[in-house]
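Everything on this sheet refers to the single structure shown next.
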Amino acid sequence: MPTNLDPVTAVSLVTPGIVAYKTVRYFADVQADQTVIVKGTGSPVGLLIIQLAKRLYVHVIEIASDRYANLIATLGVG
């Protein structure tokens, strides 16, 4: 951890990744060739879920505000 990063900020950076990983692998048990709908894909957790699902060869249907359309499109969804 960088010395200029306080612990509260460090935890806030890691937490979305942990939530996304646990959602995809444990809670939903997403498998290859499935289709998942991710609501709120513009959020940090939603963006990470898209990336994890794509690595598992999952078809992703996203639900997000229009303001995130370009960002989500760069991840190959939409």
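Observations, loosely collected:
- Reciprocal of mean inverse Cα separation for the chain (Kirkwood radius, Å): 13.2
- The label point for K22 and the one for R67, both projected 7 Å from the Cα toward the Cβ, are 2.8 nm apart.
- At most 12 other Cβ within 10 Å, DSSP loop - chymotrypsin sites (Phe, Trp or Tyr not before Pro), the chain: Y57
- Environment charge of A53, counting only residues whose C-beta is closer than 11 Å and scoring Lys/Arg +1, Asp/Glu -1: +2
- With the helix formula -39500 (n - 2.57) applied to DSSP H stretches of n ≥ 4, the chain reaches a computed 222 nm mean residue ellipticity of -13500 deg cm²/dmol.
- Sorting L75, L52, L47 by the number of Cβ atoms found within 10 Å of their own Cβ, with the fewest placed first, yields L75, L52, L47.
Only the coordinates and a few stated rules stand behind these numbers; no lab work does. Note that this is a predicted model, so its numbers are computed, not measured. Note: ideal-geometry Cβ built from the backbone for every residue, glycine included; neighbour counts use all protein chains shown.
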